[in-house]
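The values are calculated or read from the model by the stated rules, or taken from the named source; none is laboratory data. For clarity, every value in this text was computed on a predicted model and none was experimentally measured. As a convention, Cβ positions derive from the backbone with ideal geometry for all residues, glycine included, and neighbour counts pool all protein chains shown.
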Amino acid sequence: MLTNPPFLFATFATTDAMLPISKVASGAKNLLVRPTAARSLATFANQKVKMSNLESDKFINYQRIEDNLKIVRDRLQHPLTLAEKIVYGHLDDAKNQDIARGSSYLKLRPDRVACQDATAQMALLQFMSAGLPSVAVPTTVHCDHLIEAQKGGVPDLARANEINKEVYSFLSSCSQKYNIGFWKPGSGIIHQIILENYAFPGGMMIGTDSHTPNAGGLGMVAVGVGGADAVDVMANIPWELKCPKVIGVKLTGKLNGWTSAKDVILKVAGILTVKGGTGAIVEYFGPGVDSISCTGMATICNMGAEIGATTSVFPFNSRMADYLRATNRSAIADYATSFKHNLTPDAGAKYDQVIEIDLNTLEPHVNGPFTPDLATPLSKFKDAVIKNGWPKEMKVGLIGSCTNSSYEDMSRSASLAQQALDAGITAKAGFTITPGSEQIRATIERDGQAAVFDKIGGVVLANACGPCIGQWDRQDVKKGEKNSILISYNRNFTGRNDANPATHAFVTSPELVTAMVFAGDLTFNPMTDSLQGPKGPFKFQPPNGAELPPRGFDPGVDTYQAPPADRSQVKVAVSPTSDRLQLLEPFTAYNPKNYENIDVLIKVKGKCTTDHISMAGPWLKYRGHLDNISNNMLIGAINIANDKANTIYNKLTQKWEAVPKTARDYKAAAKPWVVIGDENYGEGSSREHAALEVRHLGGVAVIVKSFARIHETNLKKQGMLPLTFADPKDYEKIAPEDIVSIVGLDKFQPGVPLTLRVAKADGSKVDIKLNHTFNEGQIGWFKAGSALNLMAAAAK
């Protein structure tokens with residue numbers, strides 16, 4: 001046994017006692033840290049630092065990370081990335097856990113869970129069915145998805161409170177019953193609230209929203225999951241995650257001028273594409289990191305969801321400490337500083353892939369339309385607009401959302417609006433502003449940014465997701481009318497923002513959106529072009545704005561509901577006649593007959609995101625009612641048989657009918673079915689409804705070229721078979737009219753492929769090899785009918 005702890009490595013260290021040793025591939029200075037008596041194994045255990053000012057009895061457990069990493073270092077004998085430190089630091093059993101990047105399944109103990117209102121309904125309905133008295137880890141519910149942008153913040157919030165009264169009451173009472181913190185409508189967007197109140201360096205959180213990685217801006221491994229995963233953690237069951245690979249993004253130089261943090265992730269998306277980050281954590285490092293604000297780092301991590309990454313994370317530095325202190329969490333800033341050796345990567349840490357970006361030369365980018373990875377530098381955007389025939393007129397500019405609604409974003413955008421006001425330039429396009437939280441709204445109202453936006457005709461929307469998720473009652477164009485909008489959001493799939501498939505949505509920084517509102521023209525480049533005003537030609541100067549409010553944040557209206565001390569008398573009621581909420585019935589267990597001679601419901605052509613499988617927008621109101629929301633199942637997917645959406649051949653009626661209607665007919669006739677899909681199937685949102693609906697309407701398997709991570713897991717959790725073609729070309733061998741059987745389930749085991757036996761109309765048969773990623777535990781979910789069934793059985 002060693003009498004002294006082994007040396008630990010850290011980056012960006014600052015104390016005089018530390019000696020520089022060498023430079024590694026990152027180009028950043030790394031320092032060897034010799035542990036002292038002051039940093040004994042008991043140091044972190046002896047400190048009680050609250051995880052949040054809103055939770056007086058919940059504390060950060062750095063000691064667990066310290067202890068786990070001592071075991072892991074002894075086992076692995078190699079330097080660790082930051083992502084590895086945080087992930088392995090949360091292992092349930094560090095001594096016996098198999099650890100292999102990209103292959104082993106890790107059992108983890110996250111520090112907390114966060115749920116937004118649309119996904120929380122199903123998550124809490126599942127938790128209720130488990131019969132437990134309280135959540136096992138700190139959990140919060142945030143009301144942000146059900147508020148439709150229509151007239152402006154105040155009237156839209158009042159309307160949402162009335163329309164969604166039943167759902168809000170359910171979420172509120174359920175939160176009180178099960179010891180969950182509840183953020184009322186108008187509080188703000190889940191990810192901004194988390195950053196302001198709950199995220200902390202080195203922590204691990206799962207959230208029922210794909211943009212949960214936003215908290216990586218505060219050095220947290222925060223992962224978007226489906227509700228069933230959240231229920232596991234809430235029920236004190238270790239959370240399972242395939243050991244992620246680590247993609248390193250080395251940043252050099254400094255952000256300057258028009259270039260913003262948003263441009264970093266827009267550039268990365270162009271490099272990695274929408275599936276390039278699948279199965280990996282993206283870890284940013286290098287000297288350029290220190291030129292980015294904490295909220296800027298959060299922006300980058302937030303949109304990392306669009307490259308399929310498990311999450312993204314930044315190393316702890318002074319910018320994070322500044323933000324923690326500005327949000328009244330100085331104790332966490334000090335605690336994290338003392339723990340910095342585990343909040344930064346080791347010298348010599350190895351990445352599975354390294355991307356280098358020079359911030360000095362990085363250009364502003366515009367990505368889109370219809371996909372967030374079509375990246376175009378601003379200097380080339382005019383030519384791209386003309387070459388591709390994209391609608392040149394910019395109809396609306398929209399800034400804010402969970403991706404870009406920080407004080408810095410609002411200040412820099414307002415500085416450009418003020419320049420235009422001073423020059424007498426008026427807006428040529430509509431302009432909306434979505435504050436990320438009540439705190440941001442109140443602060444920009446106090447400090448004048450909101451007034452500037454108002455003077456140029458901007459509409460400040462409610463503190464909610466709004467148009468970013470399709471909650472936009474848009475009236476300026478007709479459905480089907482081609483038009484262009486510029487957004488500072490994160491996602492721009494077809495019809496995503498306004499349910500109009502002809503809308504060309506382009507993702508960029510809030511600064512570029514604001515400047516281009518005054519031109520109303522996508523070919524305008526604010527860095528080089530001038531506008532004609534009453535005082536002559538006018539050219540924008542680069543934006544500027546404070547990173548944090550000089551007078552501190554104004555918290556605004558208190559919208560937080562803490563769980564009561566006595567929860568015994570709280571009642572949670574779900575009306576059997578409700579069309580918004582529905583108690584869940586268990587799915588049936590595995591039956592071999594359901595996998596023999598089954599129909600292909602639909603063969604999907606091309607991109608099929610969770611928006612295609614289970615649309616948001618007006619359908620959000622049914623997120624707590626599985627049967628009702630199932631009426632939107634796959635209505636956006638394109639049928640390869642006719643190149644149409646929501647029109648498939650119903651073999652029972654012998655008519656071309658809607659997908660949900662056909663599925664219901666097959667289910668009523670006890671005819672199981674499968675879906676055939678293309679690449680990166682299920683990319684986008686974390687919504688588990690995209691899996692639940694398929695299971696509810698009689699589906700047994702989804703067979704595709706490749707899956708997005710969250711959707712594959714969600715399907716497994718609901719007792720479905722997510723399978724992939726061993727040879728992607730075999731996708732071409734299946735026709736929509738074929739009858740198929742899945743062979744090999746009688747000996748279903750990890751690592752052993754299955755066979756798809758395809759019966760053709762001419763009587764011939766084709767066998768196709770199918771791969772899967774099930775482990776032993778997940779096969780247990782499948783045989784039980786769902787992970788929840790297995791949990792309920794274990795609880796009896």
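At-a-glance table
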{"read-out": "Residue match in the stretch 710-730 (condition: closer than 18 Å to Cys608 by Cβ, in the same structural domain as Asn597 (by TED's automatic domain parsing), hydroxyl-bearing (Ser, Thr, Tyr) and out of contact with any Gly (no Cβ under 8 Å at 6 or more places or on another chain))", "value": "yes"}
{"read-out": "Answer residue from the stretch 456-478, given it is under 25 Å from the mean Cα position of the chain (by Cα) and part of a strand (DSSP E or B) and is surrounded by the most Cβ atoms within 10 Å (Cβ to Cβ) among those", "value": "Trp472"}
{"read-out": "Selected residue [within 22 Å of the chain's Cα centre (by Cα) and acidic (Asp, Glu)] from Glu481, Glu445, Glu511, Glu438", "value": "Glu438"}
{"read-out": "Criterion (over 23 Å from His191 (Cα atoms) and of a type in the set (A, V, I, L, M)) met by exactly one of Ala160, Ala94", "value": "Ala94"}
{"read-out": "Check on Ile734, modelled with pLDDT of 95 or more, over 29 Å from Gln121 (Cβ atoms) and surrounded by 23 or more Cβ atoms within 10 Å (Cβ to Cβ)", "value": "no"}
{"read-out": "Some residue of the stretch 240-253 being within 30 Å of Pro526 (Cα to Cα) and crowded, with 24+ Cβ neighbours inside 10 Å", "value": "yes"}
{"read-out": "Test: residue in the stretch 696-719 that is surrounded by fewer than 21 Cβ atoms within 10 Å (Cβ to Cβ) and among the aromatic types (Phe, Trp, Tyr)", "value": "no"}
{"read-out": "Residues that are assigned to a loop (DSSP other than H, G, I, E, B) and either under 31 Å from the mean Cα position of the chain (by Cα) or touching a residue at least 60 places away in the same chain (Cβ under 8 Å) (or both), drawn from the stretch 529-547", "value": "Pro534, Lys535, Phe540, Gln541, Pro542, Pro543, Asn544, Gly545, Ala546, Glu547"}
{"read-out": "Residues that are out of contact with any Asp or Glu (no Cβ under 8 Å at 6 or more places or on another chain), farther than 19 Å from Ser406 by Cβ and among the charged types (D, E, K, R), drawn from the stretch 270-329", "value": "Glu283"}
{"read-out": "Per-region count, the stretch 638-677, residues in contact with a strand residue (DSSP E or B) (Cβ under 9 Å, 6 or more places away or on another chain), without any contact (Cβ under 8 Å) to a residue 40 or more places away in the chain and at negative phi", "value": "14"}
{"read-out": "Residue, modelled with the lowest pLDDT, within the stretch 776-796, restricted to residues that are surrounded by 16 or more Cβ atoms within 10 Å (Cβ to Cβ) and not small (Gly, Ala, Ser)", "value": "Met791"}
{"read-out": "Candidates Thr528, Thr494 - the one that is among the polar types (S, T, N, Q), closer than 25 Å to His365 by Cα and surrounded by fewer than 15 Cβ atoms within 10 Å (Cβ to Cβ)", "value": "Thr528"}
{"read-out": "Test: Phe453 is touching a helix residue (DSSP H, G or I) at 6+ places or on another chain (Cβ under 8 Å), aromatic (Phe, Trp, Tyr) and not in a loop (DSSP other than H, G, I, E, B)", "value": "yes"}
{"read-out": "Helices (runs of 4 or more DSSP H) completely within the stretch 608-668 that count 2 or more residues being modelled with pLDDT of 95 or more and of a type in the set (A, V, I, L, M, F, W, C)", "value": "626-629, 659-668"}
{"read-out": "Options Gly470, Gly430, Gly458, Gly424; residue that is modelled with pLDDT of 95 or more and on the phi > 0 side of the Ramachandran plot", "value": "Gly424"}
{"read-out": "Residue satisfying all of: in the stretch 677-729; among the acidic types (Asp, Glu) and modelled with pLDDT under 95; farthest from Leu745 (Cα to Cα) among these", "value": "Glu683"}
{"read-out": "For Ala641: the one exception among (1) of a type in the set (A, V, I, L, M); (2) crowded, with 18+ Cβ neighbours inside 10 Å; (3) closer than 20 Å to Ile703 by Cα", "value": "(2)"}
{"read-out": "Long-range neighbours under 8 Å by Cβ, at least six apart or interchain, first residue over 18 Å from Ala519 (Cα atoms) within the stretch 450-467, second surrounded by fewer than 18 Cβ atoms within 10 Å (Cβ to Cβ) and acidic (Asp, Glu)", "value": "Ala451/Glu445; Val460/Asp454"}
{"read-out": "Count of residues meeting criterion [among the basic types (Lys, Arg) and under 11 Å from Asn525 (Cα atoms)] in the stretch 379-394", "value": "2"}
{"read-out": "Residue match in the stretch 598-605 (condition: outside any loop (DSSP other than H, G, I, E, B), in the same structural domain as Phe748 (by TED's automatic domain parsing) and on the phi > 0 side of the Ramachandran plot)", "value": "no"}
{"read-out": "Options Val513, Val557: the member that is assigned to a loop (DSSP other than H, G, I, E, B) and either among the β-branched types (Val, Ile, Thr) or at pLDDT below 95 (or both)", "value": "Val557"}
{"read-out": "Meets criteria (more than 17 Å from Cys608 (Cα to Cα) and among the polar types (S, T, N, Q)) for Asn650", "value": "yes"}
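Yes/no per residue for (1) farther than 19 Å from Glu679 by Cβ; (2) in a loop (DSSP other than H, G, I, E, B):
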position	(1), (2)
Leu241	yes, no
Val246	yes, no
Lys254	yes, yes
Gly257	yes, yes
Ile265	yes, no
Val268	yes, no
Ile271	no, no
Gly276	no, yes
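This table checks each residue for (1) of a type in the set (A, V, I, L, M); (2) touching a strand residue (DSSP E or B) at 6+ places or on another chain (Cβ under 9 Å).
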site	(1), (2)
Val221	yes, yes
Asp229	no, yes
Val233	yes, yes
Asn236	no, no
Leu251	yes, yes
Trp258	no, no
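Here is a yes/no grid of residues against (1) in contact (Cβ under 8 Å) with a residue 60 or more places away in the chain; (2) over 30 Å from Ile193 (Cα atoms):
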{"site": "Gly556", "(1), (2)": "yes, no"}
{"site": "Ala562", "(1), (2)": "yes, no"}
{"site": "Ser568", "(1), (2)": "no, no"}
{"site": "Arg580", "(1), (2)": "yes, no"}
{"site": "Glu585", "(1), (2)": "no, yes"}
{"site": "Asn591", "(1), (2)": "no, yes"}
{"site": "Asn594", "(1), (2)": "yes, yes"}
{"site": "Asn597", "(1), (2)": "yes, yes"}
{"site": "Lys603", "(1), (2)": "yes, yes"}
